[in-house]
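The values are calculated or read from the model by the stated rules, or taken from the named source; none is laboratory data. Remember, it's a predicted structure, so these values are computed and weren't measured experimentally. A quick note on method: Cβ atoms are made from the backbone with ideal geometry, for glycine too, and the neighbour counts reach across all protein chains shown. Surface areas here come from the heavy atoms of the whole protein model, side chains and all, with no ligands, DNA or RNA. Shrake-Rupley method; radii C 1.70, N 1.55, O 1.52, S 1.80 Å.
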Amino acid sequence: MNFSTFSSNTYRNYVLWILVCTGGVIGILFAIGIYLQPLFGDLTRIGFYAERDFGWQGTQYVFADPRLQPDAPLDFHRNNQFQGLDILVIGDSFSLARPEYQWQNYLIAQNHLSVMTMDINQMDIRTVINSPSFLQHPPRVLIVESVERALPWRIKDIVPVCLVSPRHHAVVSLEMGQTVVKHPPIAVSRMVSWRLININFVMTFLERSFRWQQHEPSVYALPLSNPQLFSNRRSGTLLVYGDDVRKPEWKTQQMSSLNCRINTLQYLVERRGSTRFILMVAPDKMTAYAPWLVSGYLREHSDLLSRLSALHPAIMPRLDIAMRQSIKAGVRDVYFPDDTHWGWQGQQIAATTLIRFFNMNRQSH
């Protein structure tokens, strides 16, 4: 036998064997990925939980052509950037993450308002309100939006001047409808196509499944007393971001400083009498579902936002109360079961609450 022919056949068989083994492993990983289902939520992605267990079922409704301006940069070369603007939103992912879902769409569609949204993580609030554009063409309303757990450090650079009066409310004539009654026109379902399978996630999921976790988890799975609050398979378990539970900055002894910073920020925005200030705090997912947590300790320590909001009734819409009332009334997936953000009905509740809050307080301003 020709030695080169023998060597060639051996090499060919070796390569074929490697390809078969590799293809088999990839095929198995794909099969597991199809079983787990493709990623959608940030909590399943960060915590390595299966969408098969925590992915939402049924239908969500979205806007076909979102008209909000997401992530608008501050342009120091345009002094008229805010000219004619009704509402300027400086917010986080609860205002930016999924434009087709966002609560701003309701304000635009129902009330024909002009709304601009800026990323609170990319700019300093003080820089915006002291910019030439803001000073020369102030928007009618400035909404600073932050998720609950991040609020303390989002405004930590506001130098507190506790002697200033917080009651410098601007007089604005912005009209809004009383309620939000229409859902968005487009119905969508969660995608489960094999083309969306993430092999890296599958491998890490398997690794985490067979390894004892030594450090604090980035995502907690908390038992609920009512399994009817979500549409997913494991609906009796609440996935929450780790800092929802820890809230290292939300300590009772820091409440006084936080109050002072909020009062100071309100004063800085409203002192010229042309812009109304609203602080829109998105409740942490654990805060919204606290009444249904099995853990009494966690239920008892989920009232910090309620206590803070009660101290600022003129500027803080009570999203925490509105979300809990809707959940209690049987609205499912107010928050996505696999995500830390609102589902379409949570977005609608936020918009409705904001509109009612604005109209309720308008006459006194």
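Checking the structure you have, find out if any residue of the range 275-282 is farther than 18 Å from Ala350 by Cα and in contact (Cβ under 8 Å) with a residue 24 or more places away in the chain.
Looking for residues that are farther than 18 Å from Ala350 by Cα and in contact (Cβ under 8 Å) with a residue 24 or more places away in the chain, one finds at least one in the range 275-282, hence yes.
Looking across the range 115-132, just one residue is in a loop (DSSP other than H, G, I, E, B) and surrounded by 19 or more Cβ atoms within 10 Å (Cβ to Cβ), and that is Ile120. The set of residues from the range 100-114 being crowded, with 22+ Cβ neighbours inside 10 Å and outside any helix (DSSP H, G or I) comprises Tyr101, Gln102, Trp103. Consider the range 114-163 and keep the residues that are touching a strand residue (DSSP E or B) at 6+ places or on another chain (Cβ under 8 Å) and among the acidic types (Asp, Glu). The one that is modelled with the highest pLDDT is Glu145.
When the range 37-62 is filtered for residues that are of a type outside the set (Val, Ile, Thr), farther than 30 Å from Glu216 by Cα and either free of Cβ contacts under 8 Å to residues at least 60 places away in the same chain or open to solvent by less than 40 Å² (accessible area, probe 1.4 Å) (or both), only Gln60 remains.
Can you name the residue in the range 133-160 that is hydrophobic (A, V, I, L, M, F, W, C) and part of a loop (DSSP other than H, G, I, E, B) and is also most open to solvent (accessible area, probe 1.4 Å) among such residues?
Val159
So, Asp65, is that one surrounded by fewer than 15 Cβ atoms within 10 Å (Cβ to Cβ) and under 22 Å from Ile355 (Cα atoms) or not? Taking the combined requirement at face value, the residue satisfies it. For the range 278-308, filtering for residues that are at pLDDT below 95 and either within 17 Å of Leu354 (Cα to Cα) or of a type in the set (A, V, I, L, M, F, W, C) (or both) leaves 5.
How about the range 277-300: which of its residues are open to solvent by less than 10 Å² (accessible area, probe 1.4 Å) and touching a strand residue (DSSP E or B) at 6+ places or on another chain (Cβ under 7 Å)? Of everything in the range 277-300, those that are open to solvent by less than 10 Å² (accessible area, probe 1.4 Å) and touching a strand residue (DSSP E or B) at 6+ places or on another chain (Cβ under 7 Å) turn out to be Phe277, Ile278, Leu279, Met280, Val281, Ala282, Asp284, Lys285, Met286, Ala288, Tyr289, Leu293.
Just checking, which of Ala351, Ala310, Ala322, Ala329 is more than 27 Å from Gln37 (Cβ to Cβ), out of contact with any strand residue (DSSP E or B) (no Cβ under 8 Å at 6 or more places or on another chain) and open to solvent by less than 10 Å² (accessible area, probe 1.4 Å)? Lay out the reasoning, then the answer.
Numbers: Ala310 fails: open to solvent by less than 10 Å² (accessible area, probe 1.4 Å); Ala322 fails: open to solvent by less than 10 Å² (accessible area, probe 1.4 Å); Ala329 fails: open to solvent by less than 10 Å² (accessible area, probe 1.4 Å).
Matching residue, one of Ala351, Ala310, Ala322, Ala329: Ala351.
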